[in-house]
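Peer 1: Take a look at the following structure, please.
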Amino acid sequence: MRSPRPWFEQSRRVRDLVAPIDHAQTHVAIACERGFLAALDGSCRTPIAGLATIAQTNLSFRGEVLTVDGKTHWTACRDI
(Lines give C-alpha, C1' and ligand atoms only; values in the text may rest on other atoms or scores of the structure.)
Protein backbone atom coordinates (compact mmCIF):
# COMPACT_ATOMS: atom_id res chain seq x y z
CA MET A 1 0.00 0.00 0.00
CA ARG A 2 1.36 3.41 -0.94
CA SER A 3 1.79 6.08 1.66
CA PRO A 4 -0.84 8.85 1.54
CA ARG A 5 2.08 11.28 1.92
CA PRO A 6 4.80 10.16 -0.51
CA TRP A 7 6.70 13.45 -0.08
CA PHE A 8 7.03 12.69 3.64
CA GLU A 9 8.44 9.25 3.00
CA GLN A 10 10.87 10.72 0.46
CA SER A 11 11.95 13.39 2.95
CA ARG A 12 12.53 10.77 5.60
CA ARG A 13 14.54 8.63 3.18
CA VAL A 14 16.70 11.58 2.11
CA ARG A 15 17.17 12.67 5.73
CA ASP A 16 18.27 9.15 6.66
CA LEU A 17 20.72 9.08 3.75
CA VAL A 18 22.44 12.36 4.64
CA ALA A 19 22.33 11.92 8.44
CA PRO A 20 25.83 10.37 8.61
CA ILE A 21 27.39 13.46 7.00
CA ASP A 22 25.23 16.08 8.70
CA HIS A 23 27.35 18.42 10.84
CA ALA A 24 25.22 19.51 13.81
CA GLN A 25 26.79 22.96 14.28
CA THR A 26 26.51 23.78 10.58
CA HIS A 27 22.92 22.54 10.59
CA VAL A 28 22.02 24.91 13.45
CA ALA A 29 23.83 27.86 11.83
CA ILE A 30 22.05 27.32 8.52
CA ALA A 31 18.68 27.02 10.26
CA CYS A 32 19.33 30.35 12.00
CA GLU A 33 20.26 32.09 8.73
CA ARG A 34 17.29 30.64 6.86
CA GLY A 35 14.93 31.57 9.69
CA PHE A 36 16.13 35.18 9.50
CA LEU A 37 15.59 35.29 5.75
CA ALA A 38 12.17 33.65 6.04
CA ALA A 39 11.04 36.07 8.76
CA LEU A 40 11.90 38.99 6.47
CA ASP A 41 10.55 37.29 3.34
CA GLY A 42 14.07 37.30 1.91
CA SER A 43 15.10 35.66 -1.32
CA CYS A 44 17.99 35.71 -3.76
CA ARG A 45 16.58 38.97 -5.11
CA THR A 46 16.35 40.93 -1.86
CA PRO A 47 19.29 42.73 -0.24
CA ILE A 48 19.18 40.79 3.02
CA ALA A 49 22.11 38.94 4.54
CA GLY A 50 22.54 36.71 7.56
CA LEU A 51 25.59 34.98 8.97
CA ALA A 52 25.50 32.60 11.91
CA THR A 53 28.63 31.14 13.46
CA ILE A 54 29.11 28.74 16.32
CA ALA A 55 32.08 28.61 18.68
CA GLN A 56 31.93 26.01 21.44
CA THR A 57 28.31 26.33 22.55
CA ASN A 58 27.77 29.98 21.56
CA LEU A 59 25.78 30.99 18.51
CA SER A 60 26.58 34.41 17.06
CA PHE A 61 24.34 35.95 14.41
CA ARG A 62 24.72 39.06 12.31
CA GLY A 63 21.92 40.15 10.02
CA GLU A 64 21.82 43.03 7.61
CA VAL A 65 19.09 44.58 5.47
CA LEU A 66 19.87 47.11 2.77
CA THR A 67 17.83 49.34 0.53
CA VAL A 68 17.82 48.27 -3.11
CA ASP A 69 20.34 50.96 -4.00
CA GLY A 70 22.59 49.94 -1.08
CA LYS A 71 22.79 53.48 0.32
CA THR A 72 21.00 52.69 3.58
CA HIS A 73 21.42 49.60 5.74
CA TRP A 74 20.36 48.21 9.09
CA THR A 75 22.44 45.70 11.04
CA ALA A 76 21.60 43.54 14.03
CA CYS A 77 23.97 41.29 15.97
CA ARG A 78 23.09 38.76 18.63
CA ASP A 79 25.04 36.27 20.70
CA ILE A 80 23.01 33.39 22.05
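Peer 1: Quick one: would you say Trp7 is open to solvent by 80 Å² or more (accessible area, probe 1.4 Å), at pLDDT 95 or above and either aromatic (Phe, Trp, Tyr) or in a helix (DSSP H, G or I) (or both)?
Peer 2: In short, no.
Peer 1: Still on this structure, please answer the following. Given the conditions (1) part of a strand (DSSP E or B); (2) open to solvent by less than 100 Å² (accessible area, probe 1.4 Å); (3) not small (Gly, Ala, Ser), which single one is not true for Trp74?
Peer 2: In the conditions (1) part of a strand (DSSP E or B); (2) open to solvent by less than 100 Å² (accessible area, probe 1.4 Å); (3) not small (Gly, Ala, Ser), Trp74 misses (2) alone.
Peer 1: Also, quick follow-up: Within segment 23-75, can you find the residues that are in contact with an Asp or Glu (Cβ under 8 Å, 6 or more places away or on another chain) and aliphatic (A, V, I, L, M)?
Peer 2: Within segment 23-75, Ile48, Ala49, Leu51, Ala52, Leu59 qualify.
Peer 1: Of all residues in segment 35-60, which are over 20 Å from Gln25 (Cα atoms) and either open to solvent by less than 50 Å² (accessible area, probe 1.4 Å) or not small (Gly, Ala, Ser) (or both)?
Peer 2: Within segment 35-60, Leu40, Asp41, Gly42, Cys44, Arg45, Thr46, Pro47, Ile48 qualify.
Peer 1: As an exercise: evaluate Arg15 against (1) under 14 Å from the mean Cα position of the chain (by Cα); (2) open to solvent by 100 Å² or more (accessible area, probe 1.4 Å) and give the number of the one condition it does not meet.
Peer 2: So the condition that Arg15 fails would be (1).
Peer 1: Return the residues of segment 13-54 that are among the β-branched types (Val, Ile, Thr) and assigned to a loop (DSSP other than H, G, I, E, B); say none if nothing qualifies.
Peer 2: The initial filter retains those residues of segment 13-54 that are among the β-branched types (Val, Ile, Thr), namely 14, 18, 21, 26, 28, 30, 46, 48, 53-54.
Within segment 13-54, Thr46 is the sole residue that qualifies.
Peer 1: Where residues in segment 18-32 are exposed (fewer than 10 other Cβ atoms within 10 Å of the Cβ) and aliphatic (A, V, I, L, M), which of them is modelled with the lowest pLDDT?
Peer 2: That would be Val18.
The values are calculated or read from the model by the stated rules, or taken from the named source; none is laboratory data. In this text, all values refer to a predicted model and were calculated from it rather than measured experimentally. Backbone-built Cβ (ideal geometry, glycine too); neighbour counts: all protein chains shown. To get the accessible areas, we keep the full protein, side chains included, count just its heavy atoms, and leave off ligands, DNA and RNA. Shrake-Rupley method; radii C 1.70, N 1.55, O 1.52, S 1.80 Å.
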